[in-house]
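A quick write-up on the structure given underneath.
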Amino acid sequence: MMQTSNSPASSFRHTIMPSLPQLLSGRILHFAKLSATSSYESHSTKQVKFPKKISRKTDSGSPPRNTQNLNLEVSPHRAVSAVRLMRIELGGAFADLLNEQGKGSGENEMGYVERTLGFRTRHLEDRDLRLVTEVVGGTIRWRRYLDHLILSLCHDESTFRSMEPLLLQILRIGFYEITKLDMPSYAVVDENVKLAKVALRSGAGNLVNGILRKLIVLKESDSLPAVKVDGDDRQQARGLATLYSHPVWMVRRWTKYFGWDEAIKLMTWNNSSPSFSLRANTGKGLTGADLVSRLKMLKVPHEPSLYLDDFVRIKTGMQNVIQAGLLKEGFCAVQDESAGLVVSIVDPQPGESIIDCCAAPGGKTLFMASRLNGQGTLFAVDINEGRLRILKETAKLHQVIDVISTIHADLRTFSTDKVVEWDKVLLDAPCSGLGVLSKRADLRWNRKQEDMEQLKHLQDELLDSASRLVKPGGVIIYSTCSIDPEENEERIEAFLLRHPEFEIDPVNRYVPEDFVTTRGFYMSNPVKHELDGAFAARLARSQ
């Protein structure tokens, strides 16, 4: 008998527990798949307790002076950006979630500033929130390169290494605004100096002033500190890692698998501003045309998907979509086309029994449910009970709850006690997330090379478990949001050696030929397709 466990759930993914509005705001539906913890994975990044308030000292070491609760001189977008960056780096928050929460919630953002820095600035306007999104995302993407510049302009390395976290974030913001956004130099210097003086002390402001002015002189004379890309392969990888702001181990891995030119293209893509796709909620009888009409009314620039009906791409205007209530009302969902194509490979048909083995937070689950047209059964299994509750709430909103049943369980245990075999089994496995770095800017710094071996072991365990749920003649679909061969093709090849009762069912019947590999797998390439990187294999069980 399948039952939902009432025991406390171990965290299946490593993220902040979202509320329903956060879930509906889109990106969490995809990104929470990226990190597995607790009983599924033990290698997650250790979290540091984030201080509620930064201690402030005067230059003489005397007790902190009283600060006014409201400071109208400090730039609001820079104060919010600095605090967000602190929360991401020290508190383990996800940048994408914070950015989505921030759109339309300036009061909440300023509350974080006050609790952390001890003062508030003026109210954030829409333009400020857009700048926060740009500055936070860009500063995280370019962090390694920005630190190279800051280190080069400090008096010595010890000054940089001993720099307090908030001061470093303020400098990174200023360096990003000057080198990548081409903001007016005088404004960048003036406002970041004010932030450093008010949030820290006058000496910190003087340091920011001196370093930023050095940067401006070098930029205007086209003599920014160069990054050397020469020497042996390891030295070249370090140079590329700094120049394109990625971890060295990623660069070495990508040059090994894809070559130098493709690795550079991939890093360039990861550093670009991401675009997003919206899926019209067909569970409510809506179509892509309905979604286009609403976007036109909102004056949001858009274009139809090249690959999927009822999907629409947008580059800007997400704030308008959220504020108009399209996500909260269940009119549409934020879902990358790469994920939509995985559902196309599952090919849900009315009347079928389907199980989603790692379902929460539910993006693919909801899309599959809408494809069943109210006929059939879709079981959503996940180890995180809280996320399953959110999935159920969202399924009600999207009007697809009639075909969805949730099961709170560890897949590995559940599969050994099963009493049912399904027509189709989807295992959207926990993975490195190396295919979605353009959207998950912070993930490149949180993921470690040693994670890969542990993830591969976890993926093998889950794939073996999921295979036990497939009825004879049924299929299992294994998918990831990774571009790494060791998480994708190699996991399938190893699985087939262990399970000769399965064989590859080529995906060319379900997705455009441009996405089909020579082995019959699905692969979306971020550079080639301008989508998130994703992989899927469809495996049929013999009768």
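Laboratory data are not the source of any read-out in this text; all were calculated from the coordinates shown. Everything quoted here is computed from the prediction, not taken from an experiment. Reconstructed Cβ throughout: ideal geometry from the backbone, glycine too, with neighbour counts over all protein chains shown.
Here the calculated FRET efficiency for Glu220 and Arg127, from their Cβ-Cβ distance with R0 = 25 Å, stands at 0.40, rounded to the nearest 0.05. Between Arg115 and His457, the modelled labels are 3.7 nm apart [label points 7 Å from Cα along Cα→Cβ]. To the nearest Å, what is the center-to-center distance of the stretch 481-503 and the stretch 312-371, using C-alpha atoms only? The two parts, judged by their Cα centres, are 26 Å apart.
Out of every Cα-Cα pair that the stretch 223-307 contains, those further apart than 15 angstrom amount to 68 percent. Overall shape: oblate for the stretch 143-288, with the ratio a/c of the largest to smallest alpha carbon gyration tensor axis at 1.5 or above and b/c at least equal to a/b. A straight chain from Ile504 to Asn69 at 0.36 nm per residue would run longer than the Cα-Cα distance by 150.3 nm. Taken about its Cα centre, the stretch 313-367 carries a charge dipole of about 280 debye when Lys and Arg each add +1 at the Cβ and Asp and Glu each add -1 at the Cβ. Farthest towards the positive end of the charge dipole of the stretch 369-474, among the residues Trp445, His398, Thr416, is the Cα of His398, using unit charges on the Cβ of Lys, Arg, Asp and Glu. Residue ranges 160-166, 449-455, 208-214, 75-81 sort as 75-81, 208-214, 449-455, 160-166 when ordered by packing (mean number of other C-beta atoms within 10 Å per residue, highest first). List, in the order given, every pair from Lys194/Lys328; Lys180/Lys228; Lys256/Lys439 whose Cα-Cα distance in the structure shown is over 29 Å. Correct reply: Lys194/Lys328.
The overall shape of the stretch 361-519 is rounded: from the C-alpha gyration tensor, with semi-axes ordered a ≥ b ≥ c, the ratio a/c is less than 1.5. Computed extension length for Arg234-Tyr186: 13.3 nm, one decimal, from 0.36 nm per residue of separation with the Cα-Cα distance subtracted.
Taking the Cα centre of the stretch 227-332 as origin and charging only Cβ (+1 Lys, Arg; -1 Asp, Glu), how large is the dipole, in debye to the nearest 20?
On the way: 15 positive and 10 negative charges, 54 e Å.
It works out to roughly 260 debye.
If you look at the Cα atoms of the stretch 275-361, you get an Rg and a Dmax of 13.6, 41 Å.
Just the Kirkwood number for the stretch 379-453, please: inverse of mean 1/r across all distinct Cα pairs, in Å, one decimal.
On the way: mean 1/r = 0.0662 Å⁻¹.
15.1 Å is the Kirkwood radius here.
Could you work out the relative contact order of the stretch 458-543, using alpha carbon pairs under 8 angstrom and six or more residues apart, expressed as a whole percent? Could the numbers behind the result be given before it?
Details: 129 pairs, mean separation 34.2, N = 86.
Relative contact order, the stretch 458-543: 40 percent.
Close amide-amide hydrogen proximity is noted between Ser405 and Leu378, Phe379, Ala380, each under 5 Å apart and 5 or more residues distant or on a separate chain (H modeled in the peptide plane; Pro and chain starts excluded). Each principal axis of the Cα cloud of the stretch 230-375 was evaluated for its coordinate range; sorted largest first, these ranges are 60, 40, 25 Å. The spacing between the stretch 429-479 and the stretch 185-214, judged by their C-alpha centroids, is 44 Å.
Projected onto planes of every orientation and averaged, the convex hull of the alpha-carbon atoms in the stretch 315-421 covers 7.3 nm². Short-range pairs are left out: with C-alpha atoms under 8 Å and at least six residues apart, the relative contact order of the stretch 130-230 is 26 percent. Legend: residue pairs Lys296/Lys364; Lys265/Lys296; Lys396/Lys528, Cα-Cα distance threshold 31 Å; pairs beyond threshold, Lys265/Lys296; Lys396/Lys528. Relative to the globular-protein estimate of 2.2 N^0.38 Å, the Cα radius of gyration of the stretch 410-458 stands at 1.57.
For the stretch 440-543, the spread of Cα coordinates along the three principal axes comes to 45, 32, 19 Å, biggest extent given first.
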